[in-house]
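The values are calculated or read from the model by the stated rules, or taken from the named source; none is laboratory data. Bear in mind that the values here come from a model prediction, so they are computed numbers and not experimental data. Here the Cβ positions follow ideal geometry from the backbone for every residue, glycine too, while neighbour counts run over all protein chains shown. These accessible areas exclude ligands, DNA and RNA; they are computed on the full protein's heavy atoms, side chains included. Shrake-Rupley method; radii C 1.70, N 1.55, O 1.52, S 1.80 Å.
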Amino acid sequence: MVPMPSSLSAQDGVFALSESTPLRAPEPVAGLVRELLGPATGYRFPPGTGGIELDVVEDPELGPEGYRLAVTVDGIRAAGTVAGLRWAVQTLRQLLPVEVFADQVVSDARWDIPCVEIVDVPRYAWRGGLLDVARWCHPIEFLYRYVDLLALHKLNRLHLHLTDDQGWRFEVKRYPRLTEVGGWRRESNAREGRFDGTRHGGWYTQDELRGLVDYAARRGVAIMPEIDVPGHMQAAIAAYPWLGNDPDRQLAVRPSWGISQHILNTEDATVDFVARVLDEVADVFPFGIVHLGGDEVPPDEWLSSASAQARADAAGLSRVDALVGWWAGRLAAHLAQRGRRIGIWDELLDRGAPAGSLVFAWQDSSRVALAQADGFQVVAVPQEYTYLDWAESDSPDEPLAIRGTLPLSTVYGYRPGEVDGVQGQLWSEYLPTPDLVEYRAFPRLAAFAEVGWTAPEPRDFDEFRARLAGHLRRLDVLGVRYRPLD
C-alpha cells in the first residue's frame with residue numbers, strides 16, 4: 001500500500017464483495033464508496049447492515065483525518081471522522097485487486113479483500129501538491145484527474161497556481177481583459193533561446209472551477225488558489241497597462257520563462273484592482289487560505305519610480321523592495337474581512353511578511369527553520385526535495401526539464417521535521433501536456449505522499465521501492481503515464 005498505514009496487522013481469510021453487499025455510511029462517504037468501487041465491480045451497494053459499515057466517531061487518538069479499519073470474513077468496519085472515512089475508502093480500494101481501478105465493469109474478477117486490522121493517522125495535516133496551470137493551461141478534465149490521483153495517495157491539498165507572467169487562467173467577471181488578453185501568448189519558450197511559434201492560451205470559467213472545487217471536496221481534497229502579486233504579473237499588465245509602472249507602454253503576455261522585470265505599481269487604484277480580483281477568487285474557492293505569491297519580485301521599476309519611493313517613505317520603509325511586504329499586508333487585511341488568511345512564498349520573510357501568514361518555504365531547507373524561528377506556521381517545500389518538475393536523472397533520455405536532478409530516493413528520504421505540512425511542486429514551464437505532468441509527478445509524488453502521511457522511522461527505500469512496483473500496477477490500470485522505475 002502507498003502510503004503505508006501507521007499500523008497494519010494481516011489476519012487470516014478474506015471478505016468477498018458481491019452484488020448484494022450492503023453499505024451503511026454517512027451520505028458523503030456512501031456516495032464515494034459507490035463512485036470509486038462501483039464502476040469496475042458493477043455493484044450498487046444497497047443501503048443496509050452486515051456488509052460495509054462506516055461510522056463517524058470523534059476519537060482524539062485518530063485526530064481529524066485518522067481512521068480504524070477492520071476487514072473480517074463477516075464484513076468491513078471502519079470508524080473515524082468523515083474526513084478519516086474518506087481515506088479508509090481509499091485504503092479499501094488499494095486492498096482490492098488492481099482491476100478495481102478500471103472505469104468499466106470487469107466481469108471475470110473476484111473482489112476479495114484480505115482480512116486486516118488497520119489504525120491509520122497522518123503525520124502532517126497539510127499534504128499537498130502544487131500544479132502550475134499558468135504556464136500551460138491544462139484541460140479542466142485533467143485537473144479532475146489530478147485531484148483523483150492526489151486523493152488516491154491521501155494528499156489533501158491542491159495548490160492551484162492560476163496566474164503568472166505567461167498567462168492568466170482565472171475568469172474575473174469585473175475585468176474580462178485579464179483572460180481575453182492576459183490568457184493568451186503569441187508563442188512559448190520551447191527550449192532555451194528557441195520558441196515554438198504557436199499561440200497558446202485559455203482559461204477556466206468560474207463555474208468550471210466551482211465544479212472542480214465540489215468534486216475535490218467529495219474526495220477530501222481542498223483547493224487553495226494562488227494569484228501571484230506583485231511580481232509574476234506581466235499577463236495582467238498586458239491586459240491593463242495602467243497596473244504597471246510605465247502605463248504608456250503596451251506589454252505582451254510574456255512568451256519566455258524566467259522572471260519578468262515588469263511588476264505592479266503601488267497606486268491605491270492598483271491595490272483596489274487586485275482586491276476586487278481576490279473578492280471573485282474568494283467567491284469561487286471557499287478554502288480558508290488564498291496564496292498571494294510574493295516571490296521573485298525584481299525591484300528595478302520601483303527603484304526608478306518616484307511614486308514607489310514616495311509610497312515606501314509614507315509606509316516608513318527603509319528599502320523600496322520592502323514594498324512587497326506592504327502589498328501583502330494590504331491584501332491580507334482585505335482578505336481577513338472575508339475570513340481568509342494568506343499563503344506566501346518565503347521571500348517575504350525578508351520583506352515584512354504579515355503576521356498570521358502561512359509560509360511556503362521553498363528556497364532551501366534553511367528557510368523552513370527561519371520561518372519557524374520568526375513564529376510562522378510553515379509548509380515545507382524546499383526545492384531540493386519537493387520540486388518534482390526537475391529531471392529525475394541526468395540521462396540524455398530524460399525529457400527537457402528546468403533543472404535537475406531529483407531522484408526518487410531523495411524525495412523518499414526527505415525528513416521535514418516538526419512542520420505544519422509538506423507539498424510537492426509541479427511547475428509547468430517544460431510540462432506542456434498532461435502526459436508530461438504525469439511523467440514528472442509519478443512515481444515521485446507517491447514517495448512524497450508517504451513522506452506526508454507515514455511516520456519517518458523506520459523508513460526503508462528498498463522496501464518502499466518493492467512496494468511501489470506493485471502500486472504502479474494500479475497506475476497502469478488508471479492509464480497514468482508515469483516514469484518507469486528502471
request  = Hey, could you check the range 49-70 for residues that are assigned to a loop (DSSP other than H, G, I, E, B) and β-branched (Val, Ile, Thr) and say which is least open to solvent (accessible area, probe 1.4 Å)?
outcome  = VAL57
key: Residue list for the range 112-149, restricted to those being free of Cβ contacts under 8 Å to residues at least 24 places away in the same chain and among the aliphatic types (A, V, I, L, M)   = none
key: Selection count, the range 409-433, where residues are buried (at least 19 other Cβ atoms within 10 Å of the Cβ) and assigned to a helix (DSSP H, G or I)   = 2
request  = Take the range 99-122 and flag every residue that is in a loop (DSSP other than H, G, I, E, B), touching a strand residue (DSSP E or B) at 6+ places or on another chain (Cβ under 9 Å) and either more than 19 Å from PHE45 (Cβ to Cβ) or β-branched (Val, Ile, Thr) (or both).
outcome  = VAL121
ask   = Just checking, how many residues over the range 199-225 are out of contact with any Leu (no Cβ under 6 Å at 6 or more places or on another chain), buried (at least 18 other Cβ atoms within 10 Å of the Cβ) and closer than 26 Å to VAL253 by Cα?
value = 6
ask   = From the list ALA78, ALA88, ALA10, which residue is in a helix (DSSP H, G or I) and touching a residue at least 12 places away in the same chain (Cβ under 8 Å)?
value = ALA88
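Matching residues to (1) of a type in the set (Val, Ile, Thr); (2) under 31 Å from the mean Cα position of the chain (by Cα):
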site: SER7; (1), (2): no, yes
site: THR21; (1), (2): yes, no
site: ALA25; (1), (2): no, yes
site: LEU32; (1), (2): no, yes
site: THR49; (1), (2): yes, no
site: VAL57; (1), (2): yes, yes
site: PRO64; (1), (2): no, yes
site: THR72; (1), (2): yes, no
ask   = Could you list, in sequence order, the residues of the range 16-56 that are under 23 Å from VAL477 (Cβ atoms), out of contact with any Phe, Trp or Tyr (no Cβ under 9 Å at 6 or more places or on another chain) and of a type in the set (Asp, Glu)?
value = GLU35
ask   = What number of residues within the range 13-44 are within 28 Å of PRO122 (Cα to Cα), free of Cβ contacts under 8 Å to residues at least 40 places away in the same chain, outside any strand (DSSP E or B) and of a type outside the set (Asp, Glu)?
value = 3
request  = Specify which of the listed residues (ARG474, ARG459, ARG483, ARG467) is open to solvent by 30 Å² or more (accessible area, probe 1.4 Å), outside any loop (DSSP other than H, G, I, E, B), out of contact with any Gly (no Cβ under 6 Å at 6 or more places or on another chain) and touching a residue at least 24 places away in the same chain (Cβ under 8 Å).
outcome  = ARG467
request  = Could you check how many residues of the range 263-295 are part of a loop (DSSP other than H, G, I, E, B), surrounded by 16 or more Cβ atoms within 10 Å (Cβ to Cβ) and in contact (Cβ under 8 Å) with a residue 40 or more places away in the chain?
outcome  = 7
query = Being under 23 Å from ALA239 (Cα atoms), open to solvent by 10 Å² or more (accessible area, probe 1.4 Å), touching a strand residue (DSSP E or B) at 6+ places or on another chain (Cβ under 8 Å) and in a loop (DSSP other than H, G, I, E, B), is that true of even one residue in the range 144-164?
reply = no
query = Does GLU226 count as in contact with a helix residue (DSSP H, G or I) (Cβ under 7 Å, 6 or more places away or on another chain) and of a type outside the set (Val, Ile, Thr)?
reply = no
query = Restricting the range 197-238 to residues that are among the polar types (S, T, N, Q) and assigned to a loop (DSSP other than H, G, I, E, B), which is modelled with the highest pLDDT?
reply = THR205
Scope the range 179-196; condition out of contact with any Phe, Trp or Tyr (no Cβ under 8 Å at 6 or more places or on another chain) and either closer than 30 Å to ALA30 by Cβ or at pLDDT 95 or above (or both); matching residues = GLU180, VAL181, TRP184, ARG185, ARG186
key: Output for the range 107-139, where each listed residue is of a type in the set (Gly, Ala, Ser) and open to solvent by less than 10 Å² (accessible area, probe 1.4 Å)   = GLY128, GLY129, ALA134
message = I'm trying to understand the selection: among the residues of the range 179-196, which are open to solvent by 40 Å² or more (accessible area, probe 1.4 Å), in a loop (DSSP other than H, G, I, E, B) and either closer than 18 Å to GLN250 by Cβ or in contact with a helix residue (DSSP H, G or I) (Cβ under 6 Å, 6 or more places away or on another chain) (or both)?
response = VAL181, ARG186, GLU187
ask   = Does PRO176 satisfy being loosely packed, with under 15 Cβ neighbours inside 10 Å and at pLDDT 95 or above?
value = yes
